Amino acid sequence: HCLAVRAVCQREIDCDRGNGYSWKIALLRNYWKSKVKQEWLSGKYSNIPSQFSLPEKSMYPMDVDTWGEILEAELER
């Protein structure tokens, strides 16, 4: 599970590990974020008609660098 989450949230996992968090805590801190981030990166929400069309669990607190990754993926589509 840790490697799957790290594949999507490498920067976040590496930062947590660098700050002394165990793999277990780093996984718990980033698991749901990785799920939401992967959906955004895959284009699942690329063509929605309005914000009301987003499912309830489509958002998660993410930093500016993460949103930058998502925006870059959208611009490449």
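Screening segment 45-63 for residues that are more than 20 Å from Cys2 (Cβ to Cβ) and hydrophobic (A, V, I, L, M, F, W, C) and picking the one that is farthest from the chain's Cα centre (by Cα) gives Phe52. Residues in segment 43-60 that are in contact with a helix residue (DSSP H, G or I) (Cβ under 8 Å, 6 or more places away or on another chain) and of a type outside the set (Lys, Arg): Gly43, Tyr45, Ser46, Ser58, Met59, Tyr60. Residues of segment 11-25 that are in a helix (DSSP H, G or I) and surrounded by 12 or more Cβ atoms within 10 Å (Cβ to Cβ): Arg11, Glu12, Ile13, Asp14, Cys15, Asp16, Arg17, Trp23, Ile25. Selection within segment 46-77: residues that are among the hydrophobic types (A, V, I, L, M, F, W, C) and in contact (Cβ under 8 Å) with a residue 12 or more places away in the chain. The member of this set that is least open to solvent (accessible area, probe 1.4 Å) is Ile70. Hey, could you check segment 1-10 for residues that are of a type outside the set (A, V, I, L, M) and assigned to a helix (DSSP H, G or I) and say which is most open to solvent (accessible area, probe 1.4 Å)? So the residue we want is Gln10. Is segment 33-44 home to any residue that is open to solvent by less than 90 Å² (accessible area, probe 1.4 Å) and over 12 Å from the mean Cα position of the chain (by Cα)? For segment 33-44, residues open to solvent by less than 90 Å² (accessible area, probe 1.4 Å) and over 12 Å from the mean Cα position of the chain (by Cα): present.
The values are calculated or read from the model by the stated rules, or taken from the named source; none is laboratory data. Quantities reported herein were computed from a predicted structural model and do not represent experimental measurements. So basically every Cβ, Gly included, is an ideal-geometry build from the backbone, and we count neighbours across all protein chains shown. Surface areas here come from the heavy atoms of the whole protein model, side chains and all, with no ligands, DNA or RNA. Shrake-Rupley method; radii C 1.70, N 1.55, O 1.52, S 1.80 Å.
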